[in-house]
Amino acid sequence: MSIPATASRLETAVCSVVRGQPEVVRRVLACMISGGHVLLEDFPGTGKTTLAKAIAKSIRGAMFKRVQFTPDLLPSDILGISVLDPRTQEFRFHPGPVFTDILLADEINRASPRTQSALLEAMGERQATIEGQRHDLDGMFFVIATQNPVEFRGTYPLPEAQMDRFSMQCALGYVSAAEEAAILADQTETHPVDRLAPVATREEILELMAAARHVRFSEELRHYVVTLVGATRGHPSVQLAASPRASLALMKVSQALAVFQGDDFVSPELIQSVAADVIAHRIVLAPEAKYSGASARQIVADLIEQTPVPV
Amino acid sequence: MTGRPMIGILLALIVESSHWTKFRWEFNEEARSRAWQLTTIAIALAAVIVFLDRGPYVALPNLLTWLPPLLLPMQFIQSFGLRDSLPFSTFSFLANHRRRRNLRLGLTEDALFHLNFGNAYLIATLVASTLGSRANSWPFLPGIVILTGWLLLSANRSRPLSLILALITAGGLAFAGQRGIEYLENWFGNSGPGRSPFDPNSVSTMIGKPGTVQLSPDIVWRLRPWQRSLPPPLLRTATYNNFRGSTWQNLRVTVTDFKDLDTIEPVTGEIYHLLAGDLPADAQKQSIRADLPRYHLRGAALAESPLALPGDAASVRDFELDGIERNTFGTVRVFPKRAVIEGTVLWKGETNPENPPTPREDLEVPALEKQVLQDVLKELRLDEQPTLQKKLAVIRDWFQRNFKYSRTLTIHSSIFSPNSSTAIAKFLTKYHSGHCEYFATSTALLLRESGIPARYTTGYAVMERDSKRGEFVIRGTHGHAWCRVWDSDSGRWIDFDTTPGSWLASLPPQSSATQRFNDAVKRLREDFFLWRNRPANRFAVSLVMSAIGLGVAGFVIRKLWKSKRRLAAAKIATTYQGPLIRTPLHSLERQAEKHLASRAPGQPFAAWLLGLRPALPDSNALDEAIELHQRLRFDPAPPVTSELDRLTELTGQLKSALKARASRREFQRS
């Protein structure tokens with residue numbers, strides 16, 4: 001099977017479940033292929049969980065775990081715990097949900113910062129250190145976290161360091177009335193996720209990830225990425241600007257997107273199409289900018305418009 | 001600003017320092033409208049001051065010269081703000097009002113029109129520099145053309161040749177225009193702004209030209225006699241000795257050049273300018289005697305303006321002048337330090353400002369008039385009168401009895417038939433009606449024919465008393481002409497006016513509302529100007545003005561200092577220095593610009609070119625070309641020659657398709 005064919009099958013499969021959101025689906029898949037993690041911030045009921053499940057179900061052999069984050073959730077609930085085995089008188093490690101291929105961290109901002117941080121190492125380094133013991137995570141480890149942008153009562157906003165670990169932040173948003181009617185029709189009898197058959201194997205996904213790493217990226221565009229990300233530093237409305245990790249993520253996600261587009265090189269349009277998703281959530285706005293109604297996405301959009309793009 | 005390099009350099013430093021400093025401000029709508037209000041208030045104040053200082057005709061150019069410092073607040077916001085352009089609502093009260101209403105109603109801000117104030121500021125600077133005092137020097141025009149060219153070329157690199165051509169054309173036109181204006185100025189005898197058009201050596205009269213005498217009713221001088229004494233009846237501005245055609249002039253005299261007046265300083269700080277030249281010390285003292293009658297004179301003056309003085313003026317003092325000089329005919333002109341001058345004139349002196357007569361010139365009578373004059377003299381029998389006073393009385397009496405004053409002139413000098421009599425002859429023998437120029441000219445010629453040296457003098461009659469203010473007002477309409485007669489007994493020139501006294505009554509009344517308003521403005525302007533510039537007030541005025549200026553500036557600077565922000569290094573990010581790849585599709589840019597809106601810096605070329613789709617009959621070629629372009633441009637893998645050739649071919653197709661469409665559109669339009 002060729003690489004683009006796998007990508008397109010995967011995309012078609014997920015899109016058949018998550019209707020009306022082809023761009024978001026592609027970007028989320030690209031994020032996965034790039035080895036990053038995605039934060040979905042959206043209203044309840046827009047299909048965040050469905051998206052995660054659909055991705056998991058389309059991949060044969062992919063493990064899918066889901067953690068509902070609550071204020072009393074403990075780090076060990078995520079990472080796992082060693083329990084004394086009375087028969088052998090030895091501690092036996094019970095791996096937590098983090099040992100999986102795809103992890104859905106639902107309403108991640110409801111857990112305490114301590115628990116949120118438990119994910120930090122896992123997301124950043126693909127490993128978990130539990131009781132001094134290092135455990136490597138699977139090569140395809142992909143976190144889809146969701147959070148509700150409306151309700152703030154009883155939530156712990158993600159710390160900046162945690163935010164920076166997410167390659168992208170996307171929003172699904174509401175679909176058109178026609179699409180919504182189609183969703184209703186789909187789910188009259190059974191849920192389409194249940195009907196979804198796997199379209200790719202776990203190995204194929206790993207191949208896709210390798211292919212994405214080999215997508216060609218010109219020197220000039222590397223400069224463009226650095227300039228674009230660097231423009232957030234020193235922007236008067238920005239208190240905390242995007243890090244080099246943002247540049248890295250922007251490059252990797254653009255490479256993965258190129259795979260989905262069937263290209264073997266990255267064009268500036270690709271970079272621009274994901275720049276806001278990759279950069280905006282890492283920025284902390286200056287208070288006066290925040291209260292005068294500026295948004296991080298808008299600032300990134302302005303920067304895209306103002307930064308000279310290679311022609 | 002060419003006359004004030006320090007201010008110009010300071011402004012340039014402030015405006016241009018934005019390029020190498022990292023301080024920036026985020027100006028919101030309120031700050032912008034504040035700055036605009038400050039600018040408009042400053043412009044309005046400057047307009048009032050310039051108007052009061054200079055009068056309406058020079059006020060506008062003068063104000064335009066000061067535009068760059070006045071517009072500085074707006075340019076500061078443009079240079080040091082974070083926005084590239086300012087919304088139109090900043091400048092218009094109505095637009096701002098609508099914006100507020102829209103915001104109140106929950107509509108979004110409609111910032112349809114944006115203005116980069118830098119462009120407006122550039123124009124203001126150009127205009128100001130061309131109006132500056134050094135703009136007439138020869139390096140100015142080439143300099144400004146080169147500067148503008150440099151600016152335009154650096155802003156628009158794509159068409160340097162046409163730009164240079166346009167600049168050369170503009171420069172040539174400007175040069176021609178400047179020459180034309182200079183030529184016109186010479187033609188009209190106006191030696192430039194700030195200089196009086198008054199010619200002390202020639203005045204053309206209306207003798208022999210039918211029509212009505214029109215004079216400006218505006219106030220020229222205001223005269224306040226010392227301690228309720230009487231003012232001099234006639235104030236001279238110039239004297240001439242030669243009549244030719246219809247013009248009085250100064251010809252064939254030994255010395256017509258102006259000379260500086262002698263000055264004496266009896267008490268330190270009290271400088272008197274003596275009207276008569278080369279006086280012995282004793283006579284000098286006589287000219288500043290404390291019991292001489294005196295009056296206070298106030299009015300606007302330009303360089304080389306004549307000073308209105310009585311014929312027997314002794315000395316003047318207190319005028320703030322760079323120079324005061326007189327010629328041998330007693331015409332006095334001044335070089336004022338400021339636009340409005342005031343001072344004291346002492347008169348009824350025992351000396352004359354003018355030199356004694358030169359018999360050849362002061363007795364010369366035009367040949368054409370000789371016969372008529374002799375006939376008149378025969379009738380008057382002047383020879384029978386023993387003294388000059390008696391002779392003058394006879395002449396005055398004759399004119400009073402037989403002649404009528406009229407501002408409506410009917411006498412036509414027929415220059416085409418030399419046999420017919422001249423205008424003066426017609427006046428003396430037939431019409432017996434005319435205005436002061438006729439009377440003064442005839443009298444001067446009659447006296448000369450009878451052997452008495454006489455000259456023609458122009459000036460003003462002091463006749464309108466402003467009892468409310470205790471002063472006399474001299475208007476353009478009070479302009480008059482009379483004779484200066486040589487009294488050989490006393491060795492002095494005396495005034496001799498034969499115009500019937502009725503001329504004073506025949507003047508148009510000055511009571512119209514517009515005239516009263518003009519008078520009030522003029523008075524206010526001059527009085528305020530003098531008050532402001534009086535040594536006692538000057539310090540206080542400058543102190544108050546600088547205090548206000550410094551206060552406002554300090555307030556603004558403090559506010560700015562508090563809200564300043566440092567632009568981090570990232571804004572000046574390094575640009576890509578590596579090799580730039582160009583594909584054949586890049587050559588399509590020029591043509592595409594005609595069909596598409598111009599490309600924003602952040603818009604990718606391919607995405608921009610996709611806008612051409614509706615303009616093309618077949619968009620497949622475009623899609624394929626863009627794909628090839630992207631590959632050749634951004635794929636670091638080595639290019640494939642066949643792809644390059646294909647793209648060249650596709651670009652050619654696209655070009656011809658666009659050209660065909662453009663010509664079709666042209667055709668439809670025509």
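Tabulated values for the structure
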| item | result |
| --- | --- |
| Cα Rg over Rh - chain B, Kirkwood | 1.16 |
| Acute angle (nearest 10 degrees) that the helix B:29-54 long axis makes with the longest principal axis of chain B, alpha-carbon atoms | 20 degrees |
| Farthest positive-ward along the protein assembly as shown dipole, Cα basis, beta-carbon charges - from B:Ser202, A:Met123, A:Ser273 | B:Ser202 |
| Nearest-20 debye value, chain B charge dipole, Cβ charges on Lys, Arg, Asp, Glu | 2500 debye |
| Sequence of B:His435, B:His19, B:His114 once ranked by neighbouring C-beta atoms within 10 Å, starting from the fewest | B:His19, B:His114, B:His435 |
| Selected from A:Ala13, A:Ala105, A:Ala161 as most flexible by GNM, with chain A as the system and alpha-carbon contacts under 10 Å | A:Ala161 |
| Nonlocal amide H pairs with B:Leu321, under 5 Å, H built at 1.01 Å | B:Lys337 |
| Exposure proxy order (Cβ contacts within 10 Å, fewest to most) of A:Arg19, A:Arg195 | A:Arg195, A:Arg19 |
| Order of A:Lys48, B:Lys390, B:Lys562, A:Lys57 - criterion: other Cβ atoms within 10 Å of each residue's Cβ, fewest first | B:Lys562, B:Lys390, A:Lys57, A:Lys48 |
| Of B:Lys468/B:Lys522; B:Lys348/B:Lys378; A:Lys290/B:Lys562; A:Lys252/B:Lys22, pairs whose Cα-Cα distance is over 27 Å | B:Lys348/B:Lys378; A:Lys252/B:Lys22 |
| Taking only Cα atoms of the range A:214-311, radius of gyration then Dmax in Å | 13.6, 43 |
| Per-residue HN-Hα couplings for the range B:224-231 [Karplus 6.51, -1.76, 1.60; θ = phi - 60°; Hz; x = Gly/Pro] | 10, x, 6, 6, 6, 6, 7, x |
| Dmax and Rg, reported as Rg then Dmax, of the protein assembly as shown (C-alpha, Å) | 46.7, 166 |
| For chain A: relative contact order, % (alpha-carbon pairs under 8 angstrom, 6 or more apart) | 23 percent |
| Cα centroid separation, the range B:358-413 to the range A:167-183 (Å) | 111 Å |
| Dipole in debye (nearest 20) - the range A:1-210, about Cα centre, beta carbon charges: Lys, Arg +1; Asp, Glu -1 | 200 debye |
| Alpha-carbon Rg/Rh ratio, for the range A:21-62, with Rh computed the Kirkwood way | 0.95 |
| Chain A: most fluctuating residue of A:Arg114, A:Arg92, A:Arg282 per GNM, C-alpha cutoff 10 Å | A:Arg92 |
| Lys/Arg +1, Asp/Glu -1 at C-beta; the range B:584-669 dipole; positive extreme among B:Ala625, B:Phe667, B:Thr641 | B:Phe667 |
| Cα long-axis angle, helix B:117-131 against chain B (0 to 90 degrees, to the nearest 10) | 30 degrees |
| Over the range A:1-210: Kirkwood hydrodynamic radius from C-alpha pairwise inverse distances, Å | 18.0 Å |
| Helix B:436-449 axis, angle to chain B major axis (alpha carbon atoms, nearest 10°) | 50 degrees |
| Ratio of Rg to Rh over the range A:114-252 (Cα coordinates, Kirkwood Rh, two decimals) | 1.02 |
| Cubic angstrom per residue, convex hull over Cα atoms of the range A:62-106 | 75 Å³ |
| Percent of beta bridges antiparallel (DSSP, the range A:1-210, rounded to nearest 5) | 35 percent |
| Selected from B:Leu235, B:Phe76, B:Leu612, residue furthest toward positive end of dipole (chain B; charges at beta carbon) | B:Leu612 |
| Charge dipole (debye, nearest 20) of the range A:214-311; +1 at Cβ of Lys and Arg, -1 at Cβ of Asp and Glu | 380 debye |
| Average beta-carbon neighbours from other chains, 10 Å sphere, peptide B:597-609 | 5 |
| Max mean-square fluctuation residue, GNM over chain A, Cα-Cα springs under 10 Å, options A:Ala200, A:Ala177, A:Ala296 | A:Ala177 |
| Rounded to whole Å, sorted largest first: equivalent-ellipsoid semi-axes of the range A:1-91, Cα gyration tensor | 33, 19, 11 |
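Quick note: the coordinates plus some simple rules give every number you see, no bench work behind them. Here the structure is a predicted model, which is why all the values come from computation and not from measurement. FYI the Cβ positions are ideal-geometry reconstructions off the backbone, even for glycines, and counts take in every protein chain you see.
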